[in-house]
1. For labels at B:Ala450 and B:Ile535 in the simple 7 Å Cα→Cβ model, what's the distance in nm?
2. Taking every pair of distinct Cα atoms and averaging 1/r, then inverting, what Kirkwood hydrodynamic radius in Å comes out for the range B:699-788?
3. For a footprinting-style exposure proxy, rank B:Thr418, B:Thr349, A:Thr104 by other Cβ within 10 Å, fewest first.
4. Give the calculated FRET efficiency between B:Gln495 and B:Asp214 to the nearest 0.05, with a Förster radius of 30 Å applied to their Cβ-Cβ distance.
5. Filter the DSSP H helices in chain B by two things, a Kyte-Doolittle mean of at least -1.0 and an axial alpha-carbon span of 20 angstrom or more, and list the hits by number.
6. Tell me which of A:Pro87, B:Pro753, B:Tyr270 sits at the most positive position along the dipole axis of the protein assembly as shown, charges placed on C-beta atoms (Lys, Arg +1; Asp, Glu -1).
7. Give the calculated FRET efficiency between B:His616 and B:Ala479 to the nearest 0.05, with a Förster radius of 45 Å applied to their Cβ-Cβ distance.
8. Suppose each label sits 7 Å from its Cα in the direction of the beta carbon; what would the B:Lys597-A:Lys116 distance come out to in nanometres?
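Coordinate-derived values only; no laboratory data. Nothing here was measured: the structure is a model prediction, and the numbers come from that model. Positions of Cβ are generated from backbone atoms using ideal geometry, with glycine treated the same way; all protein chains shown enter the neighbour counts.
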Amino acid sequence: MANKISINVNGKMHTGAIEARKLLSDYLREDLSLTGTHIGCDTSSCGACTIHLDGKAVKSCTILAVQADGCSVTTVEGLATNGELHPIQEGFKEEHGLQCGFCTPGMMMTATDLLKSNPNPSEQEIRDALEGNFCRCTGYHNIVKSIQYAAKKMA
Amino acid sequence: MTKYIGKSVKRLEDKRFLTGQGKYTDDIKLVNMAYAYILRSPYANATINNIDISEAKAQPGVAAIYTGADIPESIAGVPCGWQVNFKNGDIMKEPPHPLLVRKKVRHVGDGVVMIVADSRAIAKDASELIDIDYDIHDAVTDPKKAAEPGAPLVHEELPSNVCFDWELGNPKDEVAAALASAAHVTELDFTNQRVVPNAMEPRSAIGHYDTAYDRYTLHTSTQNPHLTRLLMCAFVLGIPEHKVRVVGPDVGGGFGSKIFHYTEEALVTYFSKILGRPIKWTADRSEAFLTDAHGRDHVTNAKMGFDANGKIVALQAYTYANMGAYLSTFAPAVPTYLHGTLLQGLYTTPKINVDVTATFTHTNAVDAYRGAGRPEATYLLERLLDLAALEMKVDPAELRFKNFIPAFDGVTQPGYQTQVALQYDSGNYEPVLKRALEMVGYEAFRQEQANQTNGKLLGIGFSTYIEACGIAPSAVVGALGARAGLFESAQVTVQPTGKVSVYTGSHSHGQGHETTFAQVVADKLGIPIEDVEIIHGDSDRVAFGMGTYGSRSLAVGGSAIVKSLEKVLEKGAKIAAHLLEASADDLEYNDGKWTVKGTDKSVAFGDVSLTAYVPHNYPEGIEPGLDFSSFYDPTNFTYPFGAHIAIVEIDKETGAIKLKRFIAVDDVGNVINPMIVDGQIHGGLAQGIGQALHEGAMYDEDGQLINGSYMDYCMPRADDFPSFEIDRTVTPCPHNPLGVKGAGEAGTIGSTPAVVNAVIDALWKGGHEVKDIKMPMTPERVWNAMQD
């Protein structure tokens, strides 16, 4: 059964009819072609699909698209402004925080949420905040440094 | 002059990944595309009596449902790319691996029915309406038990579950005699447990048949597009190779698991023509756990003998290697030529014998996983050495210094001939361990350990490893059973304006080739790095390639690029000489221009390239254009090495392990981009440490993978690691033009035994003289070890 929803994604309103069971992650990827949000598991463990829902980091595979009706969503595609990289994107580039790039969008969305609530996190606080985001390439070493870079830049 | 080589140039490919514009296979949407879901066996060993698809087929939105009966008998299944022979010379057992099973399923996850529908959700829903009647049989999952008489047979047409047996090194009686006369023998029985590669991008494949051109396109998350095309066309589907394009677009990690040609690739390709629509299949994570080729899974007994001075006199190893139910592409090579051949390690051991029995079990296939055989060899050697040091009450670092092969550069001194077939290219082993000890502050640590009073147990573990990379000289691997050459190709196309397109057969899925290779090209041509583009992963754009694995990309693929660059410069010099009215011998090339030696007369690279394509004023007898292809076949493997040290602290009350420090000093030869090499080491360490502390695929007696999801399989997380402390030494490779050895697997190969050794060391210091703790070393296992 189709359900009508209106969602603001990266500053743009999207209105449409979708199946009630559709996950927000699938809605973003399939209906809006925002494929920067990745799907790495079926158990809401890996964090590759992390987005911001009304400003808070959320795994978009844990909620239905209909639950996001009337909400504001930011995906990785909405991080940069006018072609200028967000400090977290710059941090990941400068500190080699990505290799294959698959976990990167989710990592950056989690990291920006962390920096909002804790602008100057310790290494341990960063590592703790990332416990819901898996990376298989970097050993997390440079991801931690990337987030520290962004924290400094945003201070 | 090097402007880029040796510098930590920021990655040129990053921007698309940082802005969500990376294009992975599942991101691709084709017109009129249908979606496949594969219904898999829930049983490890069962006979299919009947498959009823009638109800599912009638569902709205279901386009087609295919079973094994829809695949012609002529398509037997996916092939194995490496042949190992039995000790008696017989060819290994190589039963077919069907695309969809008709009669008998052999592991949980074996594909039985493919449902194709207008959406993935519809396909999945329909799969629940399919009724398959199975007769369930007993299963065997352990590689050693599978070899016992009376074990349930995986392939009933075979006499036993043994795929092959194999032996390498000195005669067993010589090794036995040396062990018998040894002053001390350390013996260890252990399991190198099965792990799941877990690339973050699940595998995905899209098959598309274009009627207009009678041509197929396969997009697939592969490390190896050309080999996939070759195997699928020539050995599975019988489609002419020139009628198939295989694209490996952005790929979200591989770690070995995406080297191989998988059934799903052939299924979507084959049925896209029959259905008349593109078909996409994407694994969910549970399917990835069940079907991505796993790694390791060795059951081993090993003995190492020492003389009274602590010199190793002999090594005997017996290993049972699990192949799984079917032979994956390179599976037979892993426990043999990538494992047995590395048992010399860094040591002068004069007598070595390794005996391997590979068996089929009712489990998912096992194949190359980051390191592939070399981590198993390193684990074997390094566990024995640290344990021997504890048993003989000598220092584990001293024991290694005593046994290291003396330094040799491979240029003025010959390579080192091992007892197990290989000839090491160059090596200087003492400095890596010395540097690692310095970084640890070894003496101070031992004091701290001796004086510890906080209710915890401190331990230190060592691992000094060697690996064989730059895979590989084609003739050598051919003699060892490879059914493919392992060269690499590269085309360098200089555009008229002097911009350079490089087409490489290597495939980047995180390694940063678009940067590293561009650094090499820009420096060799003396042009800005922005003028270079690296193109890979598309069989229509890159003429041929052998893909990326075995830390081979720079050593083999990079060398092929250098060969083409040399041809560009050689031809360019002839054109420049003509323009300068000089002899080519009188020219020198520097900073992007040819200059007549001793004068200020010069012509720039861009002027020469333009002349090559607008050949009005042009030397006689020379073809227009500036475009060269090369194939590079290495003369030897490369041999990176290093020293890893782990420091752990064990909570006596709970058995919990805290990894306090991890020090890695690696020698990967020359380094083009230190930042990228460091990143490769970091990631490798996390995977190796993950095996020691967290990971392990667990099959129960019925052959169920009981931890086949991220809720159950412990993936290493950010808070499981300290920041790594790494450094390197540089011993150039003497036989390739860049002097590089490869860095992709070093971290994984060295790190696992260092962590286990550290835990064993801590336990001995606490009075618990245990020889082994099973990996992953959970708190429960460690706690139990302290109760004895």
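1. 6.6 nm
2. Values: mean 1/r = 0.0586 Å⁻¹.
Evaluated on the range B:699-788, it is 17.1 Å.
3. On the way: B:Thr418 21, B:Thr349 26, A:Thr104 32.
The order, fewest Cβ neighbours first, is B:Thr418, B:Thr349, A:Thr104.
4. On the way: r = 32 Å, r/R0 = 1.06.
The value I calculate is 0.40.
5. B:374-392, B:559-580, B:674-693, B:746-765
6. Positive-most Cα among the choices belongs to A:Pro87.
7. Values: r = 52 Å, r/R0 = 1.15.
The calculated FRET efficiency here is 0.30.
8. For B:Lys597 paired with A:Lys116, the spin-label model returns 6.6 nm.
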